[in-house]
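To start, the structure under review is shown below, and the notes come after it.
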Amino acid sequence: MNAPLAVGQILVSIALIAAILLQARGTGLSGTFGGDSAVYRSRRGIERRLWQFTIVLLFLFVTFSLASYLFQEI
């Protein structure tokens, strides 16, 4: 396996795990600070940016995985 691809994939996977864990299901990030609401609402502010960041990290993880598969040494 290519070393830079392996390091990149590990770093992206750690960041992806952290981003997913920050998104508490049902409470959201605002629930951490006492702004919990039982009414359905859309993501706003930092929650929306965290959601978008998670999607970008997912895309990067898939890209690194495919690249490491394509460039593996046989």
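The set of residues from the range 1-17 being surrounded by fewer than 17 Cβ atoms within 10 Å (Cβ to Cβ) and either touching a residue at least 60 places away in the same chain (Cβ under 8 Å) or farther than 15 Å from PHE59 by Cβ (or both) comprises MET1, ASN2, ALA3, PRO4, ALA6, VAL7, ILE10, ILE14, ILE17.
Restricting attention to the range 33-74 and to residues that are within 16 Å of VAL7 (Cα to Cα) and part of a loop (DSSP other than H, G, I, E, B), the residue that is modelled with the lowest pLDDT turns out to be GLN72.
Scanning the range 2-32 for residues that are part of a loop (DSSP other than H, G, I, E, B) and either modelled with pLDDT of 90 or more or at negative phi (or both) gives ASN2, GLN23, ALA24, ARG25, THR27, LEU29.
The values are calculated or read from the model by the stated rules, or taken from the named source; none is laboratory data. A quick note: this is a predicted structure, and the numbers were derived from the prediction, not measured. In this analysis, Cβ positions are derived from the backbone assuming ideal geometry, glycine residues included, and neighbour counts consider all displayed protein chains.
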